[in-house]
Structures are given as C-alpha cells and as structure tokens.
C-alpha cells in the first residue's frame, strides 16, 4: 500500500515537472501576443494622429490658398469697378481736357487722369482763362503795345536777383470776383459799354486779339458738357476780353 502511494506521488511529481515548461511557454506566448497587440494599437493611434494632422493641415492650406485667391479676385474686381466708375463719371460729369496732354498720354495710363472736372460754368471759365495764360496763348506784350503804345522793356541784371517793378507788383486784382461779376453781367451790355468808352478803338483792337486767343484755346482743348452750357462758357470767355487792358496783361495767377 505504501509502495502504491509512493508511486502515485512520484508519478504526480513527474507530471508536474513535465507540465511546468509547457505552462511557462504558454504564458510567454501570451505575453508576446499581448505586447504585439499593444504595439499595434500604439502604432495605429500614431497613424490616426498623423492622418488627422494631415487632414487639418490640408484644410488650413486649402483655406489659405482660397483666401489669397479671393483677395486677388477682390482686388481685380475693385480695380475694374474703379475703372468703370471713373469712366461712368467721365460720361456723366462735365469736364475739359487739353488735347496735347491726352495725345501724349502713355498707353498704361487712363486718359481720364487728364480730365478736369467742373460742376459749374464759373469753374470752367476760370480754369480755361488760366489755361490760356499758362499756355502763353495770351500775348500780353501785344495787348500792352496796343493799349499803351509800347512794351516797357525789362532790364535783366544776372548779378543780382530779379525784382518785379512796383507797377506790376502792386497790381491788385481779384480774379475770382471778376469772373463772378462776369457771370452776372449781360454780354451785350458789356460790349456796348466797351464801344462807348473813350478808348473804344483801342478796346476793339484788343478784343480782336483776344478773340484770336480764344480760338487758339478751343483748338487746343475739348470741353465736354451740354451744348447750351458749352456756348455760354465760350461766350463768357469772349466777353472777358472787354476787361481793362491793365487787367488783361496780367495773368490771373
């Protein structure tokens, strides 16, 4: 009996000894599989994070490019709108321009830049009379010779600064007020007054010269407005030639 018990114990020990490596091997395999599973999970999470980052970056980059494209389109649209607006203004508002300036205008510069806009006839009259003097259409020496018999010579001394004679320096004349007065005067009455003046012959000769200056002006400029306003502006510029010779020989500026 004792022998049988002993044999069973020995057999059990042998079975335990045989089973222990197998259990250890099974546990090791389980640990390896668990480690691989964790590693795969971490790698998968890492890929998912990278994918999300790429998606966000793509969306932001696309949005940035779209914003830049929209900004460029907006600038182009505004530029076209400004160009259309300027041309619309040019067609709807009154203006005048110098033909020479427009002819010499560079191709990349809009001609509207050389337009001189005006709202009232008085503004245009003042501007055109000043243009006559600025472009040397008014020959002041010719008017002075007709009015006073001779042109006063000016002695130039290059060793000293040039000083204007008191006769010219002290000339007090309000051009704006004169044009405003001109607008309120009747053209026929002004012409009749010039004919009745003591120096009517001199005034008539000066007026003939002034008429020629105005004709040269209208060969040089173009006035864009309705025909009634255009004729009125021209007539008033003509009537300005009935001013005193002392006024006509001085530039409005």
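The values are calculated or read from the model by the stated rules, or taken from the named source; none is laboratory data. In this text the structure is predicted, and so the values were computed from the model without any measurement. Neighbour counts are summed over all protein chains in view; Cβ atoms, including those assigned to glycine, are modelled from backbone coordinates with ideal geometry.
What residue, of 223, 239, 214, is surrounded by 14 or more Cβ atoms within 10 Å (Cβ to Cβ), more than 21 Å from residue 117 (Cα to Cα) and touching a helix residue (DSSP H, G or I) at 6+ places or on another chain (Cβ under 7 Å)?
Details: 223 fails: more than 21 Å from residue 117 (Cα to Cα); 214 fails: more than 21 Å from residue 117 (Cα to Cα).
Only one candidate qualifies: 239.
Among the candidates 198, 166, which residue alone is closer than 18 Å to residue 249 by Cβ, surrounded by fewer than 14 Cβ atoms within 10 Å (Cβ to Cβ) and at pLDDT below 85? Full working, then the answer.
Numbers: 198 fails: closer than 18 Å to residue 249 by Cβ.
The unique qualifying residue is 166.
Spot the failing condition for residue 210; the list is (1) in a helix (DSSP H, G or I); (2) over 36 Å from the mean Cα position of the chain (by Cα); (3) over 20 Å from residue 121 (Cβ atoms), and only one is missed.
Residue 210 satisfies all of (1) in a helix (DSSP H, G or I); (2) over 36 Å from the mean Cα position of the chain (by Cα); (3) over 20 Å from residue 121 (Cβ atoms) except (3).
Taking the stated definitions as given, is residue 109 in the same structural domain as residue 226 (by TED's automatic domain parsing) and modelled with pLDDT under 90?
Working: in the same structural domain as residue 226 (by TED's automatic domain parsing): yes; modelled with pLDDT under 90: yes.
It is true that residue 109 is in the same structural domain as residue 226 (by TED's automatic domain parsing) and modelled with pLDDT under 90.
Output the residues belonging to segment 110-119 that are in a loop (DSSP other than H, G, I, E, B) and surrounded by 10 or more Cβ atoms within 10 Å (Cβ to Cβ). Give the derivation first.
Start the filter on segment 110-119 by keeping residues that are in a loop (DSSP other than H, G, I, E, B), which leaves 110, 115, 119.
Within segment 110-119, 110, 115 qualify.
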